[in-house]
1. Given H placed 1.01 Å from N in the peptide plane, which residues other than close sequence neighbours of Glu95 have an amide H under 5 Å from its amide H?
2. With the radius of gyration and the Kirkwood radius both derived from the Cα set of region 157-223, what is their ratio Rg to Rh?
3. Starting from the Kirkwood radius over alpha-carbon pairs of region 1-92, derive D by Stokes-Einstein at 20 °C in a medium of 1.002 mPa s and give it in µm² s⁻¹.
4. Between Glu183 and Glu218, how high is the FRET efficiency from 1/(1 + (r/R0)^6) when r is the Cβ-Cβ distance and R₀ = 30 Å? Nearest 0.05.
5. Quick one: compute a quarter of the convex hull surface over the Cα atoms of the chain and quote it in nm².
6. So for region 183-234, averaging the separation of alpha carbon pairs under 8 Å that are six or more residues apart and normalising by length, what relative contact order in percent results?
7. If amide H atoms are built 1.01 Å from N in the plane of the peptide, which residues on other chains or at least 5 residues away come under 5 Å of the amide H of Gly4?
8. How far apart, in nm, are two points set 7 Å out from the Cα along the Cα-to-Cβ line at His89 and at Lys168?
Amino acid sequence: MIHGKKGNLSAILQRPSSDYRGPVVVLMHGFMANKKLEPLKSIARELDKRGIASLRFDFDGHGKSQGRFQDMTVLTELEDARDVIHYLHSLDWVEGIALLGHSQGGVVAGMLAGELKDGIRALVLLAPAAVLTDDALNGRLMWRHYDPANPPETLQVFFHRVGRDYFKVAQTLPIYERSSLYEGPVLLVHGKKDRIVPYSYSEKYDRVYSDSELHLFEKENHFLSKCRKEIVALVVDFLGGHLGV
């Protein structure tokens, strides 16, 4: 467990060996997901095989972490991610940090990299959900609709209740402005069949970054399940190359 602002954050730290010294890749899941779901699970496994450590964690209100889901916003998730980075800095064997995020976790990873800048050695964004600001401005979340000028106190989405603060924060997030401050290497992966986050949002990321590569997969969906083996290999090779492992 890692201490966070909303309570303890449940995490899995995979270290290739007990005497390993080197970089760690922080893996961030998406909206309503958790640290044990794909594609993060497969990426962590392959990073371990490559001899690279990783840390997966549940954002507050998700998985086994403390906190209430309805109190979650992108800004609270940024706080969680900062707490994870602080924890890694306390470990004497960690030599460099990279970030990877899927969906909403990609938004968090991108904004955090823009904040930490040279403190992040590489960044991977998988189907980053920058659409969440446009959705909030238009009163949409998944299949649900609401008045964007007066968001509901809570909105039921599947088995979760999303709180009003989530929508209000999403409407004003400077996603691209903050993310573009990161000047290190960036890998962007998106599926052209993504029905949750159109791939045009990754194309915009590619335009605002100074050192990025964009890979679009023709038949891939938001969960990157169609070409997962190929995508995981692409991600691990990118990270290994930029982390010197």
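Throughout, read-outs are computed from the coordinates displayed, never taken from laboratory work. From a predicted model like this one, the values you see are computed outputs, not experimental measurements. Here Cβ is always computed from backbone atoms with ideal geometry, including for glycine, and neighbour counts include all displayed protein chains.
1. Gly22, Val24
2. Here Rg/Rh amounts to 1.05.
3. Numbers: Rh = 13.4 Å.
Diffusion coefficient, whole number: 160 µm²/s.
4. With R0 = 30 Å, the Cβ-Cβ based efficiency is 0.50.
5. Taking the Cα atoms of the chain, their convex hull projects to 11.8 nm² on average.
6. 44
7. Leu9
8. 3.0
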